[in-house]
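**Student:** Sending over a structure as structure tokens; questions will come in a sec.
The values are calculated or read from the model by the stated rules, or taken from the named source; none is laboratory data. What you see is a predicted model, and the numbers here were worked out from it, not measured in a lab. Backbone-built Cβ (ideal geometry, glycine too); neighbour counts: all protein chains shown.
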Amino acid sequence: MTLRELRGKYSILTSGYFVKPQKLYHYTSPEGLKGILTNRSLFFTDSQFLNDKNECRDIYCFLKMAIKEVGAAKNQELFSAIKEFALDAEKTPEYLGSEIQNTSIFRFFVASFCLDSDNLSMWNYYTKTPNSYGYNICFDWHMLQRAIWDNELLRELSPVNNYGDGGFEVPYFNMYGSVIYDDEAKIKILTELIHDILNCEEETIFPQNPMEIFEKLIRGLGLFFKNKAFTNEKEYRFVIVSRNKELCDYEQKHPDSDLYDYRLMNGILLPYVNAPILCPGSVEKVVVSPGVQQEIAIQGLEYFMFHNGYCPRVEKSDIPLRY
């Protein structure tokens, strides 16, 4: 296997560990639903501000376990570099406040979906009382992926990732996949990755730095590793990749744009990308959470959808709740 082939194998786009579903469900509050459908946009939140405190860092614990599984290697120089990388990553502080002004720092913005159309754990986030309601919006996976990929505004935020393969540049822009919660699966993926990169053939036509490839693959995979305590969320993610440089350049070029902005949650300012990627045909259906007044919630939603040019099905959750 060459490094080019290895990169393809572990790409989020092609890896067999990541499912491409037909439908995705975005659970949200009434305020969130109204904002999404009125503005025809989705929020992609900075990965440093998601609900899992160990977001993007969970992978490094399992990387150390995978290194132990591998044990020894013929390419001792590369294996030592991998070990050193794992140790350095573990020592890195959770919050890199001193790096805010570093224009080369990568930023990852995440939109979260669920693979389950009627998930009680997800409803519980939005139905704290008997008279409160949540909603989930059903999207076609292919239409959503294409809308993100084709959006010219989002592309302006994207850096170009040069892997060093003879000047062939690949847009490092859009990743997607199912979140992995199972600890054994994480170790298996990383052990296989280490074995593969240690046994890669040298390429003379397109020479590449194997450690650079490895670090980028770990960074990408880390966005899809999450603590098993969150298993019930059954999360699927789309990720937009940018850097501080591209974000600053965009704001200077479009000073009145709200594509990159901040929103308040529990008194905290959350950076996010406001992605204008929806059209009335993007939404296949909307599901109303369990509750004692589902019928009037459905009726209000149907009026709202019609008024805003949407014609999807409106359904109610099948979960039976008395109160």
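**Student:** Only one of these conditions is not met by Val286: (1) closer than 30 Å to Tyr262 by Cα; (2) modelled with pLDDT under 90. Which number is it?
**Tutor:** (2)
**Student:** For the condition over 19 Å from the mean Cα position of the chain (by Cα) and not in a loop (DSSP other than H, G, I, E, B), what is the one hit in Gly291, Gly281? Give the derivation first.
**Tutor:** Values: Gly291 fails: not in a loop (DSSP other than H, G, I, E, B).
Selected residue: Gly281, the only one of Gly291, Gly281 that is over 19 Å from the mean Cα position of the chain (by Cα) and not in a loop (DSSP other than H, G, I, E, B).
**Student:** It is to be established whether one or more residues within segment 52-68 are free of Cβ contacts under 8 Å to residues at least 24 places away in the same chain and surrounded by fewer than 15 Cβ atoms within 10 Å (Cβ to Cβ).
**Tutor:** Applying the first criterion (free of Cβ contacts under 8 Å to residues at least 24 places away in the same chain) to segment 52-68 yields 68.
Of the ones still in play, those that are also surrounded by fewer than 15 Cβ atoms within 10 Å (Cβ to Cβ) are 68.
Yes: one or more hits.
**Student:** Let me ask you something else. Select the helices (runs of 4 or more DSSP H) contained entirely in segment 20-129, then report the ones holding at least 2 residues which are touching an Asp or Glu at 6+ places or on another chain (Cβ under 8 Å). Give the derivation first.
**Tutor:** Working: elements: 30-39, 58-70, 76-91, 120-126.
The helices (runs of 4 or more DSSP H) meeting that bar are 58-70, 120-126.
**Student:** Before we move on, is Asn244 within 20 Å of Asn54 (Cβ to Cβ) and either over 16 Å from the mean Cα position of the chain (by Cα) or modelled with pLDDT of 90 or more (or both)?
**Tutor:** Numbers: within 20 Å of Asn54 (Cβ to Cβ): no; either over 16 Å from the mean Cα position of the chain (by Cα) or modelled with pLDDT of 90 or more (or both): yes.
It is false that Asn244 is within 20 Å of Asn54 (Cβ to Cβ) and either over 16 Å from the mean Cα position of the chain (by Cα) or modelled with pLDDT of 90 or more (or both).
**Student:** Sticking with this one: Determine which member of the set Phe106, Phe43 is modelled with pLDDT of 85 or more and aromatic (Phe, Trp, Tyr). Working first, answer last.
**Tutor:** Values: Phe106 fails: modelled with pLDDT of 85 or more.
Every option except Phe43 fails the conditions.
**Student:** A further question follows. I'm trying to understand the selection: among the residues of segment 232-247, which are out of contact with any Lys or Arg (no Cβ under 9 Å at 6 or more places or on another chain) and surrounded by fewer than 18 Cβ atoms within 10 Å (Cβ to Cβ)?
**Tutor:** Answer for segment 232-247, where residues must be out of contact with any Lys or Arg (no Cβ under 9 Å at 6 or more places or on another chain) and surrounded by fewer than 18 Cβ atoms within 10 Å (Cβ to Cβ): Asn232, Lys234, Lys245.
**Student:** When you check Tyr250 against the structure, is it within 27 Å of the chain's Cα centre (by Cα), over 27 Å from Asp140 (Cβ atoms) and crowded, with 17+ Cβ neighbours inside 10 Å, yes or no? Reasoning before the result, please.
**Tutor:** Numbers: within 27 Å of the chain's Cα centre (by Cα): yes; over 27 Å from Asp140 (Cβ atoms): yes; crowded, with 17+ Cβ neighbours inside 10 Å: yes.
Yes.
**Student:** Give the number of residues within segment 170-195 that are farther than 29 Å from Asn232 by Cβ, at pLDDT below 85 and surrounded by 13 or more Cβ atoms within 10 Å (Cβ to Cβ).
**Tutor:** Quick first cut of segment 170-195, residues farther than 29 Å from Asn232 by Cβ only: 170-173, 194-195.
Narrowing the set further to residues that are at pLDDT below 85 leaves 170-173.
Then keep just the ones that are surrounded by 13 or more Cβ atoms within 10 Å (Cβ to Cβ); that gives 172-173.
Total satisfying the criteria: 2.
**Student:** Let me ask something else. Failed condition for Asp140, given (1) within 26 Å of Leu37 (Cα to Cα); (2) surrounded by 18 or more Cβ atoms within 10 Å (Cβ to Cβ); (3) at pLDDT 80 or above, with all others met?
**Tutor:** (2)
**Student:** Under 7 Å between Cβ atoms, at least 6 apart or on separate chains: pull out the pairs that start in segment 287-315 with a residue that is over 21 Å from Phe113 (Cα atoms) and end on any residue that is surrounded by fewer than 20 Cβ atoms within 10 Å (Cβ to Cβ) and among the charged types (D, E, K, R).
**Tutor:** Hits for this filter: Gln294/Lys316; Ile298/Lys316.
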